[in-house]
Structure formats: C-alpha cells, structure tokens
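To start, the structure under review is shown below, and the notes come after it.
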Amino acid sequence: MSESGGRLPDGLRLRRAHPQDLDDVMWLEHASFPTDAWSASQMSGELYSPHGYYVVVETTDDGAPTVVGYAGLSSLAGNPVADVQTIAVSAEHRGRGIGRALFTELLDEARRRAVEEVFLEVRADNPVAQAMYTAFGFEHIATRPRYYQPDGVDAWVMRATLAPTRQGPGPIGQETLDA
Ligand SMILES: CC(C)(COP(=O)(O)OP(=O)(O)OC[C@H]1O[C@@H](n2cnc3c(N)ncnc32)[C@H](O)[C@@H]1OP(=O)(O)O)[C@@H](O)C(=O)NCCC(=O)NCCS
C-alpha cells in the first residue's frame, strides 16, 4: 500500500452513510456490479442495519454533493468476526485512492469494535479488488465454486487478522469528515 494510507484527494470527503443515500448508492451499485447488483431492498436493509457500518465518499467542490463511492462492514455486537459487505467506486474516480480510503475506514471501525478477523468474498475474475485486499493483508483462504450467479464465477474467500486495538479516533458521524 502506498504512503498516503486513507487520505482522499482534494474535493472529496468521507462520511457515514444514511438511509437517504439509497438512491445514489444503488446507482453506483448497478454501474459497478452490472450482473449481480443487490436489490434496493437488500441495500436499504444494509443501510438501516444496527450491525452495519456504511460510509460514502462524496464530492465537495460543486453545488450538490455527488456520491462517488461507498463501502460497508457488518459484525454482531461482541463478535470478534466482521464481514466486508461491499465496496465500490464510480468508474471515473477509480485509481485515485478512494477505495483505499473507504477500506481503511472499514478496518478502523472493525478495530474499534474489537474485531480480530475480517472476512470478505470477491469474484475470482476481479484482480483489481483482490490486489487491494492483498495490500491490506488479506489472504485467499477458500474458494466457493460458481458462487456469483448468473455468471457462474467462483468467489474467493479472503481473511485478515487485525492487530490488537490501538485506541484511535472514534467512529465518524453522519456529518462529514474531510480526509
Ligand atoms: C475495487 C475498487 C473499489 C478499488 O477502488 P479504487 O478507488 O480504484 O482504488 P484505489 O485507487 O484506492 O487503489 C487501492 C488499491 O487497489 C489496487 N488497485 C487499484 N487499481 C488497480 C489496478 N488498475 N490494477 C491493480 N490494482 C489496482 C491497488 O492495490 C491499490 O493500492 P495502491 O494504490 O497503494 O497500489 C474499484 O476498482 C471498484 O469500485 N471496482 C468495481 C467494484 C468492485 O469490484 N468492488 C469490489 C467487490 S469485492
């Protein structure tokens, strides 16, 4: 991973997602996962879930903010295991560190929750996401054959073990956090 860690480029900010972000998130969801996007009701359930932690990156440099990325983590209270539920960045904003900033925030939240192991699933034909997860210390530990339908693509199960908690900043709120 590069030195810039979770920093965002100028003109963007990261904040906690809220249910009113559903339409923007669903637009990106369909653009990012054309064959296996979640439904709006699935995504709405995620944004409302008490076990979830969803964040978005939005623009700050023009009139109305535009959501250009989102990511979510889920873990049950007191459970030392968490799952990365999803992450996506709009195609025109990829390769600028936004995915890294979103993923850093999810792992920071996992540490705040005293999570020890984080799991995720990624398509076997998605080397870009795999490279990002590997850079964060995730390892491919299992394969679920033909998990992604209708494409019939395998899922890689990846896992990372988190270092013991350092007392860092608290979770970000619904309001914005300039990174
Ligand atoms: C995966 C995704 C979220 C990455 O977001 P991004 O903003 O482009 O990523 P960043 O610019 O922050 O780069 C983060 C890391 O990803 C990897 N990466 C990014 N672009 C890459 C590319 N073209 N080739 C290889 N690795 C790449 C690198 O490890 C990079 O770290 P580095 O810059 O320190 O080398 C984005 O590509 C995306 O939305 N893809 C479509 C949706 C998707 O596949 N989501 C994952 C589902 S499991």
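The values are calculated or read from the model by the stated rules, or taken from the named source; none is laboratory data. None of the values given here were measured: they were computed from a predicted structure. A quick note on method: Cβ atoms are made from the backbone with ideal geometry, for glycine too, and the neighbour counts reach across all protein chains shown. Ligands, DNA and RNA are stripped out before the accessible areas are found, and what is left, the full protein with its side chains, is counted by its heavy atoms. Shrake-Rupley method; radii C 1.70, N 1.55, O 1.52, S 1.80 Å.
Hey, does the range 87-105 have a residue that's open to solvent by 10 Å² or more (accessible area, probe 1.4 Å), β-branched (Val, Ile, Thr) and more than 16 Å from the ligand (Cβ to nearest atom)? Looking through the range 87-105, none of the residues is open to solvent by 10 Å² or more (accessible area, probe 1.4 Å), β-branched (Val, Ile, Thr) and more than 16 Å from the ligand (Cβ to nearest atom). Among the residues of the range 125-146, the one identified as open to solvent by 40 Å² or more (accessible area, probe 1.4 Å), in contact with a strand residue (DSSP E or B) (Cβ under 6 Å, 6 or more places away or on another chain) and within 11 Å of the ligand (Cβ to nearest atom) is 125. The residues on offer are 35, 60, 66, and the sole one that is touching a Lys or Arg at 6+ places or on another chain (Cβ under 6 Å) and modelled with pLDDT under 95 is 60. Each residue in the range 87-101 was checked for being among the aliphatic types (A, V, I, L, M), over 17 Å from residue 112 (Cβ atoms) and outside any strand (DSSP E or B), and 2 pass. The set of residues in the range 17-52 being within 20 Å of residue 65 (Cβ to Cβ) and assigned to a loop (DSSP other than H, G, I, E, B) consists of 17, 18. Taking the criterion of being part of a loop (DSSP other than H, G, I, E, B) and either near the ligand (Cβ under 8 Å from one of its atoms) or on the phi > 0 side of the Ramachandran plot (or both), the only residue of the range 53-86 that qualifies is 78.
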